[in-house]
Every structure is written in C-alpha cells, then in structure tokens.
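What follows draws every value from the coordinates through simple rules; no lab data is involved. Quick caveat: nothing in here was measured; it's all calculated off a predicted structure. Positions of Cβ are backbone-derived with ideal geometry, glycine not excepted, and every protein chain shown enters the neighbour counts.
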Amino acid sequence: MEFTPKVLESCAEQLRARFPHLPIALAVVSGSGINLALPGGDKLAELSYQEVFPFPVHPLLGHRPTLSLWRVHGQGVVLFHGRFHLYQGYSAAEVAAIPRLAALWGASTYILTNAAGSLHPQIAPGSLVVLSDHLNLQGANPLVGEWGRWREPVFPDMSFAYDPQLRQLALSLARETGFAAWEGVYAGVLGPSYETPAEVRMLGQLGGTVVGMSTVQEVIAARHMGLRVLGLSLVTNYAAGIAAQPLTHQEVLEAGALAQAKLIRLITTLVERLVQP
C-alpha cells in the first residue's frame, strides 16, 4: 500500500474510534536506549507499531516499537517507544508519520527525546541539551511532494521550531531533576555511520551543539501540523575526535540506561505541568 496523507488520516480515525472518550493532549517519542513511562498516570493500552502504521516496521536495537496510551488528569498522553530513521530505509514521510499521527489524533504538543553525541568537550555524557534549533543535513524534507500540498502552509516558517516557553520550562525542570542542562542546536545527519573527526569539527563550526541521526524530519512535520515542539537530547557520548575511544551503539544504549530514572522523572514532571487542570 502506498503511504499517502489519506492513508494516515485513516489510521488516525481508527485510533480515535478505538479510544473515543479520551482527548489527546500531547505526545512523547523516545530515542535509542530510552524507555519512557509515566509513573503518575494510568496506562490504558499498548499497541505495536505494526498495528498502527501502514508500512513495514524494521527492528532496531534499543528501540521498542510500541505506542502506549496513558491518562493523566483526565487527558490522554501518547508515548511512542522508538522512532523511524532515514538510514533504516524509511522515506521522509514515513519518518514523519509519528508527529503527524499524533496531531491528527488531537495532540497539540510534541515532546521528543533522542540520544546524541556531544560536539563540545564541556558538554559531557549524561548531560541534557534542550534544543533551541537544528541543522537539517539529512538531504531530505518531509514536506516534499504531496505531503507539502496536503495542508497549509506549503512553506511553513521555522523561526521558532522549538517552542521558547517549553524550552525554558524544560531547562528549569532538568536542573531540578539533577541534569547538567544546556541549550543548543541539534545537527541532524543521515547516518548510520558515525561522523568522522573532520565532520565533527565542521558541525561545530556550523553552530551545532550535539549531533544525531533523527529528529529534524519529525520537527519539520510537527510544525507544519501546528504542534508545539520540545526537543530533549540526552548526551550519550562525545562525538568522534573529542574522545579518544571509538564509538559504538552499545555505548549509546548503556548511557541511555544510566540516565533512565532521571529522564523519566523529568518527562513525568513536564507532562504533569502541561496537562494539569
């Protein structure tokens, strides 16, 4: 089946029909090695991505491709456990399916977490970077073709892709949670190979703070859908050339696991603040 806007609208209609009495307030998506939960909420359902999305779902180490639905203060919160990446062979439209589905389901806010490499020696693994902007270096855009014509505006403004008020709230709560909290720019690259030391130097000179292989396609689509966006990068490693040792995906997963409890506390507090009556 060809993946089109009409097909995605049908997926959203099925979810609304399945859970008709729970208004969706916001959506959260987790990155590599990050397994989120909402201890203060009521978990109502968990669905595999194969049940939700109309295209093949490829397995990826460190991702649990499921969607869970929670009730917090009478509002619906959707947690997307794992995401889609261009380097897996997905199209830009498929990568952007998660925020688009969230918006069609009724969400107004989109919080994304990712695992990222630090481009600066002072931002150590275990830190949290609240994203203020991004560099799209992935050679793709989810608004190309019919997806851009699907709804207005065809040329969405990206001046404030990451909501300023949400950023300030996240920085404050991250420090309270115990993170070394920074604000910075996400350099989105294609992957799946890690960057060379020369590329890391280039990304830093371009203004990047952290680097990763996701996020930017989702944010562009989310803003096109009118969602408020908050991006949180968990720094799991130094990028190549900053640290002496070679990079491995296992290192990323282990660092994500170590920060798991703090990140869950942060996300839970953010959700509580955003959906409180």
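Just want to confirm a number: the relative contact order over segment 69-210, from Cα pairs under 8 angstrom separated by 6+ residues, in percent. Once divided by the residue count of segment 69-210, the mean separation gives 30 percent.
Each Lys or Arg adds one and each Asp or Glu subtracts one; over the other residues with Cβ under 12 Å from the Cβ of F53, this totals 0.
For segment 5-275, a crude dipole built from +1 on the beta carbon of Lys and Arg and -1 on the beta carbon of Asp and Glu, taken about the Cα centre, is about 400 debye to the nearest 20. Between the alpha-carbon centres of segment 246-277 and segment 123-140 there is a gap of 15 Å. Backbone N atoms of segment 94-122 closer than 20 Å to the 7 Å Cα→Cβ label point of T196 belong to residues 117-120. Of all the options T209, T113, T248, the one that moves most in a Gaussian network model of the chain with Cα springs shorter than 10 angstrom is T248.
With the alpha-carbon atoms of segment 5-275 aligned to their principal axes, the span from lowest to highest coordinate is 53, 41, 34 Å, starting with the largest. Any idea what the relative contact order of the chain is, in percent, if you count C-alpha pairs under 8 Å spaced at least 6 apart? Reported relative contact order: 26 percent.
Please work out the Cα center distance from segment 49-79 to segment 10-40, rounded to the nearest Å. Segment 49-79 and segment 10-40 have Cα centres separated by 7 Å.
Rounded to the nearest 500 deg cm²/dmol, what is the calculated helix-only ellipticity per residue at 222 nm for the chain, with -39500 (n - 2.57) per DSSP H run of length n ≥ 4? Before the final figure, lay out the partial values.
On the way: 10 runs with 93 residues, N = 277.
Theoretical 222 nm ellipticity from helices: -9500 deg cm²/dmol.
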